[in-house]
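Asks: I have a structure here, written as structure tokens, and I will follow up with some questions on it.
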Amino acid sequence: MATGSQPASGVWVAVAAVAAVVVVGLLLVVALVDLESGDRIASVVGAAVGVLGLAVSVFALTRPASDPAVAGSRSVQAGGNIGRAVTGDNVRVTDPAPHVASGPAGQGPGANDTAVPGERGVSAGGSIGEAITGDGTRQQ
């Protein structure tokens, strides 16, 4: 199964198959066609591959960044704001989650961290209203 940062293996198989067909086709052109026609065909194929490479690089540079990997078991991480994060066992919470002012993510403390600091850690690109990380705590 594919993850957010890696394409599915089927995509790699398709790319490899297309590349193999192009290589075999170019070898056939070299062997069966005169040099002048082969030169023109190779120029067109080279230009097409260059344009495709440019399109892939523009796509990779403009797509939104994925959340960094969470380090530590039972950790919570978000690119924006978190109202309440609970990572403990047997926690009873009876009051509503704190209100977190909405604002642009990526400006709060820890906005540039690449991973949560450890087990049951909480990290956000914006604000964190409340983080409950202990076991058996009771909030009222």
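Asks: Just to be sure, is Ser123 part of a strand (DSSP E or B) and either among the polar types (S, T, N, Q) or at pLDDT 75 or above (or both)? Give the steps one after another, and end with the answer.
Replies: On the way: part of a strand (DSSP E or B): yes; either among the polar types (S, T, N, Q) or at pLDDT 75 or above (or both): yes.
Yes, satisfied.
Asks: Is it true that Ala85 is of a type in the set (A, V, I, L, M, F, W, C), modelled with pLDDT of 75 or more and assigned to a strand (DSSP E or B)?
Replies: Details: of a type in the set (A, V, I, L, M, F, W, C): yes; modelled with pLDDT of 75 or more: yes; assigned to a strand (DSSP E or B): yes.
Criteria met by Ala85.
The values are calculated or read from the model by the stated rules, or taken from the named source; none is laboratory data. Just so it is clear, the model here is predicted, and its values are computed rather than measured.
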